[in-house]
Structure formats: C-alpha cells, structure tokens
Amino acid sequence: MSSTAVDAVDAATPQVERPRRRPPRHHRAGAAAWTMLAPNLLLLALFLFGPLLWAFAMSFQAKRSFGPGEWSGLDNFTRLLSDDVFWRALLNTAIFTVATVPVGVVLGLGLALLMNEAMPARGFFRTVVYLPIVLSTLVVSLVGLLLFDESIGIINGILEDVGLGDVAWQSDGRLAMTSVVLMTLWTRIGFSMLVYIAALQDVDPETIEAARVDGAGSFAVVRHVVVPALRPSTFFLVVVNMIWSFQVFDIVYVMTNGGPGYSTTMLVTYAYDEGFGPARNFGYGAAIGVVLFLITVVITLVQVRRGRAEVA
Amino acid sequence: MSTPVRVAICTAVSAVFLFPLVAMVIIAFTPRASLLDGGASLWSGDFTLENFRGLFDAFPVRRWFTNAVIVAGLTTVLSVVVNVLAGFALAKLRFRGNGVVLLLILSTLMVPTQAIMIPQFELVARLGLVGFFWAVILPSASTALGVFLARQFFVSFPDELMDAARVDGCGTFGAFLRVVLPNARPLLAVMTLLAFMTQWNDFLWPLITLRDPDLYTLPVSLRLLQTAYDTDYGGIMAMALLSCLPLVVLFVVLQRFFVAGLSRSGIR
C-alpha cells in the first residue's frame, strides 16, 4: 500500500469516534506496558527463571539422569562442606577475581586517561585495545593455548630463542592460573577503557582548570578531581567485572580444563564437570551452581549498597 | 605527560595487545611441518594456504558459515524486538511494578549460565527443540544488556514528541511505531551489532543442543575441531581466524556504533 493510500484510509476513518472506544488513559498505559514486556518476560520465565528454580530444586535431590530425581534433603550441601575440591574451586575463583578485577579496571582507567587526549594515531591505538572485545572467548582461549603451550607454544619458543629456557605454563598450577588471568585481562581491559573514555567526556573541564590554577600537578588532578568524578563508572565496572569473574568458565574450560590437578578449577567449571562429566551428578552440580549464585547475589547487593552510599 | 612519551607508551601497549592476534594470523598461514619440529615460531618464514585448504576439504565450512549467519541473524531480530519493547515500556510507561521488573531483568546477569544448563537442556528437550536452531535462538533472545541499553536510550527520549503523537490521536503503540522507532535508529544499530556479536560467539550451548554437526555454526565447529586436531595449531588457528574475521571486519567498519553502545551501558 502506498503512503497516499494509507493517508486516504486514515482520512476516511472518523476521527471523533476513536477516543471513545478506548478506556481511560491510566488503565491503558499499564495494559500497554505489560503487553510490551510480555514477550521478553515470557522468554525469561521459560528459559531462565524456570531452569533456575529447577536447579534450586535439583540441588536438594539425588539425581543422576534426566527425568525426576529423588529428594535427598541437604545431602548435596553437607557433602559440599567436606569436599576439598569445592573449597579449592571457591578459593581459585576468589584468587581469579582478585587478580582480574582491580587490575583490569585500573589499567582500563590508565589507558583511558592516556588515550583521551589528542595525539597521532589515537584512533588506531584505541581500536587495537578494543578489538579483543569482539573475539569469542573460545578464540581467545585457543590463542591462549597457542601462546602458552608448554612444549610448542609461541611464548616458550621466544623465551628459548633469547636463551631463557622453558617456562612450565601448563604443569605449574600458579603459572597456569597466571596464563588464564592474562588472557582474561586481554579481553576485559578494552571494555573498561571504553566506559572510562565515555565518562571522561562528562568531566567538567573547568573544575580541572581550577585545580590546576590552585597549583595541583597532573597526578594530583587525576587523584583528587578526575577519579572522584568517575566514581559511577568505576562502581559499574567493578560490579560487572566481579560478576564476570565469579562466573568465569569458557577460558578455563578450554585452556586448562581446571588443571593441572585442581589448580585452576573454578566454581562453574566444577559444577559443569559434576553435571556433564562422567560423574553425571546433576544434583550435586546444581548445588554448586546454587551456592555460586547466592554468593554472587550477596556480594553484588553489598557492592550496590556501598556504591549508593558513596555516590549519594 | 608530553605527547611523544604518550605515543611511545601507546605503541608499546598496542604491540602487547596485537601480539596474540598476530600470532594467530601467522600460525594460520604456517605449514604444519615447520610447526612440529622445534615448536611454533613466529619467524619460520614459511607461508602456506594448506591449513585453510585442509579445512575446506575435510569439513563443511561453507555450511557452518551459513548456519552461523542464520542463527545469529534470527536471534538478532528476535532479540532486538523483545528488548526494545521491554526497554521502552520500562523507560516511558508508568505502571505498577516497573522498578521490580527492571531489577528482575538486570538480576539475570548474576545467574551462572553453565550451572543451570542441565535444567535448561531438559526443558529444551521436553519442548522438542533439540536438534533445531530454535533451541539456540529462543533462550538467548532476551538479554539484560539489551533491555538496559534500550531503557537508557528511551529515558532521555523527549516526552514532547510522544505527547505530540498522542494529541494527533495515536495510542501508546501508535506513538511508539510512528514517532519513537524512527528516532531510535542509533539504538537499533547498536543493539543489532551487540546481539549479533553475542550469538555469533556462543559455542557451548549450541554445541550441546544442536547435536548434529551439519547444524553447527562456525564457532561451535571450532570447538569440535580443537578436540579433533589436538595440537595442530595451524588448522585450529586457520579456523579461529575464519570464525572471528566477520566480526573483526564488522567492528573495524562500524566501530563508532559499537563504542557508542557499549559506553552507554556504563553511564547511568
């Protein structure tokens, strides 16, 4: 139908009668809102909240196959308490979080400050740091393997060429953790930098100028003017990065699969192994997932509360 | 800090950030033989297309590529529609429970996806979706980031424009379709790019639910290949390069949209 035809139909419709057929506006807004939300909420309820509740239920069951399980009360959770691998995974996840979040956010801030001012090739530099964001974690992990492979990897090849010898990236637990942390940082720093650069555009230049006039050096300006002004972004980045770190899976799963031994086993990789691995322990895997979810919720709530108090 | 010093630091940082990518590209074009003796080296000097040829000979790479485009494309369309609608309702319509719904949607960020994959799989199996693209598309359409981006965009959308449409006799939907959407093109561009990227890069869930290698998407088959090729890094890197090239090109060409979208997610 051409647009003139639409206009003609519109003109032919009696304008006066339209409003009368509609209920009063405040009812309508609610109905319209729920109609617009419905597709989204339906998908979420079906594919996310449903399975989440199901996982909660499964964590109280002894369940080793698809179909109904047997209720087993708190068995899975009491087993967790005495499971050394679980505590190891919890500790590893904490170490990973501490190693990735502050470093990623601070380096992002540093690079944002560095690349915020005019200089040659600024666009190129920014693109290079952003680029890993679009790579899948699978590609990142495979490149990580290529770099850190102990026997034929690139990094050991280079170290050998300059006479430094092999480094045990895969057989030493701490070094394996280091390699996973480094690859994670590679994909995360760009996002922090991007958010900070956007936020820097809103920092009032006059406040900075005033501080300069008062005799503050560049470092003092950053510390006392810029960093406080960026607090909402910092808060956002810390919360999001923490959630990502708690849930780390892909990179560990592909690069180390939790090894050597259990030295890079994380909560999610352990939950996944228990469920999908040879043990096929669905209930126990679900219990680990539930614990992780609860920890994430509690820590995020604490962060949000603290963040609100600070910003207000 | 003077400009030359900053350029020097940025050059060093860029070198570090580029290094893994350069390694991927070089190894993808290095013959298998020179990888195996003496380990992978970045300056072996040999160049070959055999890694790519080997892939195309042994695997249905074109098919995987087509699958990836279909799955990511359909997910993107569905995702943009449901997230834009929800974001608009949350930003502009007054109704009871607005705050709760927003919180509920944002809280999905905290759910560790891999830990609920078993019940998710049981559900998808009961719905009879295993082995169909829908098993991948439907669960990933609604995203917290998408809703949040849309909401942030519409919060700053001028009320006057919508009121003007209402005065002209439009209902909420009419105003949304005729006035709001045409003015939301930057948002739509950003959401399209992000949704496409997210779905394109997903590998674990599609690997579990698609089952049939003929249905695999390019990134999923990369995982399959990794298990099959073990330490044949030439072949693996060739496939990795193929699977990320479309997104890297998209990113470099449309960078300002990506950047605008991602940075908006960080401003409150």
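Listed values, structure above:
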| quantity | calculated |
| --- | --- |
| Pairwise centroid distance, computed over Cα atoms, of the range B:156-215 with the range A:204-223, Å | 42 Å |
| Debye log10 I(q)/I(0) for the range A:235-287, one point scatterer per Cα, at q = 0.19, 0.27 Å⁻¹ | -0.67, -1.00 |
| Relative contact order of the range B:33-186, defined on C-alpha pairs under 8 angstrom at six or more residues apart (%) | 31 percent |
| Listed peptides B:189-197, A:36-44 by packing density, highest first (mean Cβ within 10 Å) | B:189-197, A:36-44 |
| Mean ellipticity per residue at 222 nm, deg cm²/dmol - from DSSP H runs of n ≥ 4 across chain A, formula -39500 (n - 2.57) | -22000 deg cm²/dmol |
| Peptide B:19-29, shielding by other chains (average Cβ, 10 Å cutoff) | 4 |
| Only Lys, Arg (+1) and Asp, Glu (-1) charged, at Cβ; chain A dipole about Cα centre in debye | 1400 debye |
| Dipole of chain A, positive direction: furthest Cα of A:L113, A:A279, A:P228, with charges on the beta-carbon | A:P228 |
| All-pairs alpha carbon distance profile, chain A, 10 Å steps from 0, percent | 5, 18, 22, 21, 16, 11, 5, 1, 0 |
| Protection-proxy order for peptides B:236-248, A:86-98, A:135-147, each taking the mean of Cβ atoms within 10 Å per residue, highest first | A:135-147, B:236-248, A:86-98 |
| Residue-averaged [θ]222 nm for chain B, counting only DSSP H segments that reach four residues, each worth -39500 (n - 2.57) | -22000 deg cm²/dmol |
| Average partner coverage of A:268-276, which counts Cβ from other chains inside 10 Å | 4 |
| For the protein assembly as shown, size of Cβ-based charge dipole, Lys and Arg +1, Asp and Glu -1, in debye | 2200 debye |
| Kirkwood Rh in Å, taken over chain B so that all alpha-carbon pairs contribute | 21.6 Å |
| Residue mean of other protein chain beta carbons inside 10 Å, A:299-307 | 1 |
| The range B:85-163 - Debye-derived log10 I(q)/I(0), Cα point model, q = 0.20, 0.22 Å⁻¹ | -0.93, -1.01 |
| Note, ³J(HN,Hα) from phi for the range A:122-128, Karplus 6.51, -1.76, 1.60, rounded to Hz, x at Gly and Pro | 4, x, 5, 4, 5, 4, 4 |
| Cα-based Rg of the range B:1-141 normalised by 2.2 N^0.38 Å, two decimals | 1.66 |
| Cα Rg, Dmax, the protein assembly as shown, angstrom units | 25.8, 88 |
| When the convex hull of its Cα atoms is projected in every direction, mean area for the range A:196-312 (nm²) | 10.2 nm² |
| Relative contact order %, chain A, counting alpha carbon pairs below 8 Å whose residues are six or more apart | 26 percent |
| Cut-off under 5 Å, modelled amide H: who pairs with A:Q61 long-range | A:S72 |
| Amide proton proximity set for A:E150, modelled H, under 5 Å, gap of 5+ | A:Q170 |
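Since every read-out is calculated from the coordinates, none of them should be taken as a lab result. The shown structure was predicted, so the numbers you read here are calculated from the model rather than taken from an experiment. Positions of Cβ are backbone-derived with ideal geometry, glycine not excepted, and every protein chain shown enters the neighbour counts.
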